[in-house]
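**Student:** Quick one: the structure is below, questions incoming.
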Amino acid sequence: MSKKECPHHDDDDNHQLNRQILAGILGFIFLVLLVIFLIWIILRPTKPRFILQDATVYTFNFSTTGAAIPTPNTLTTTMQVTLTSFNPNQRIGIYYTKLDVYASYRGQQISLATQLPPSYQGHRDVTVWSPFLYGNAVPVSPFLLEPLQQDQNAGDVLVNVKVNGRVKWKVGTWVSGRYHVYANCPAYIKFVGGDRDNAVGASAPEVKLASPGLKLSLVQSCNVDV
């Protein structure tokens, strides 16, 4: 008499094999993540430090028509800045995969974003960039007229040089995924005005740089978030 085959017994064996394979895959993934986590804790990666070394401002002109028909106020800016980045880590390298630099005044972007070339920064290395920042007749909020005149009377204006981009960490041959990096660097620019008695809302207040093209030595630390 032949032995009968049980289909339910075969199904149980297949389910058990599948569970074992799944458990093995999950265990391997867990071990890999645990190793990466331990390496991360032991090495303790520290975010890079950015410093705004200097700024050369060629143009900073605010224009308003003061006409009856509302037209946008504009700000024209041309400047060159020198930025340095320091990698404080002794065992971790940094890949700067994408970095954009732009100027901001009172929370509004006043220049186009200038893209820095991708670069690698070794352990405790320093990288220097000197990008030009351009903003030709950039429309700005009408509410900027009053604070700009206040800055004009004070004799200087605070422009923020901002860096926005992506970085990767490198440990040995292992390279991490991309992380967002953001740096905010304050820069005080000296300038004078033609008629300091202009009332708010007057047409075309004259704004002149104290010394166009003069390089300002700043050596200003930047606030960095990663």
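**Student:** For Y134, list long-range residues whose amide hydrogen, built 1.01 Å from N in the peptide plane, is under 5 Å from its own amide hydrogen.
**Tutor:** L112
**Student:** At R0 = 41 Å, how high is the FRET efficiency between R91 and S63 if r is their beta carbon distance? Nearest 0.05 is fine.
**Tutor:** 0.20
**Student:** Further question on the same structure: Within the P(r) computed for the stretch 50-160, what percentage of the Cα pairs occupies the region above 21 Å?
**Tutor:** Value for the stretch 50-160 (Cα pairs over 21 Å): 47 percent.
Since every read-out is calculated from the coordinates, none of them should be taken as a lab result. For clarity, every value in this text was computed on a predicted model and none was experimentally measured. Neighbour counts are summed over all protein chains in view; Cβ atoms, including those assigned to glycine, are modelled from backbone coordinates with ideal geometry.
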